[in-house]
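The values are calculated or read from the model by the stated rules, or taken from the named source; none is laboratory data. The structure displayed is predicted, hence computed values, not measured ones. Cβ sites come from the backbone with ideal geometry, for glycine too, and all protein chains shown count toward neighbours. Note: accessible area is taken over every heavy atom of the protein model, side chains too, but ligands, DNA and RNA are not part of it. Shrake-Rupley method; radii C 1.70, N 1.55, O 1.52, S 1.80 Å.
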Amino acid sequence: QVQLVESGGGLVQAGGSLKLSCAASLRIGTFDTMDWYRLAPGKQRDLVVHIFRDGFANYADSVKGRFTIPRDNAKNTIYLQMNSLSPEDTATYYCAATVALRTYWGQGTQVTVSP
C-alpha cells in the first residue's frame with residue numbers, strides 16, 4: 001500500500017515562505033509522476049506542479065518563479081518550496097503520486113496566508 005504524508009503547512013504572512021513535505025512509503029523513482037495540488041474554499045482543485053520521473057516539472061502559471069520542488073531521495077520525500085506567498089495561495093495542499101495507472105493521495109496540509 002502506497003502512503004503519502006504531507007506536512008509543513010501553517011500560517012504565514014504575505015510575502016513569506018513555507019516548505020511543504022511529501023514523504024512517500026516507496027522510493028520516489030518508483031512513481032511515474034508526482035503532483036502537488038491545492039484546493040481553496042469554494043474553488044475547484046488546481047494542479048500546482050506536475051513532476052515527471054526524471055525530475056522535469058510543469059508549474060501552473062500562478063506559481064511559476066515562486067514555487068520550486070526540491071527532493072531528498074534518501075528520505076523518499078519531495079518538497080514544495082513556496083516563496084513570495086500571497087493570500088491567493090491559501091488552500092489545502094495535496095501531494096499525489098501515480099504508478100501503474102493508479103494515483104495515490106496524501107491527506108493534505110493547510111496553508112493560510114494572511115494579508
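Values for this structure:
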read-out	value
Among the candidates Leu20, Leu39, residue that is open to solvent by less than 50 Å² (accessible area, probe 1.4 Å) and touching a residue at least 60 places away in the same chain (Cβ under 8 Å)	Leu20
Contacts under 9 angstrom Cβ, first residue in segment 100-115 being under 17 Å from Asn83 (Cβ atoms), partner basic (Lys, Arg), 6 or more apart	Val111/Arg38
Residue within segment 57-75 that is at pLDDT 95 or above, closer than 14 Å to Gly8 by Cβ, open to solvent by less than 50 Å² (accessible area, probe 1.4 Å) and in contact with a helix residue (DSSP H, G or I) (Cβ under 7 Å, 6 or more places away or on another chain) present	no
All positions within segment 92-101 that are open to solvent by less than 50 Å² (accessible area, probe 1.4 Å) and under 11 Å from the mean Cα position of the chain (by Cα)	Thr92, Tyr93, Cys95, Ala96, Ala97
Segment 7-64, residues that are part of a strand (DSSP E or B), of a type in the set (Ser, Thr, Tyr) and either in contact with a Cys (Cβ under 8 Å, 6 or more places away or on another chain) or under 29 Å from Ser114 (Cβ atoms) (or both)	Ser7, Ser21, Tyr37, Tyr59
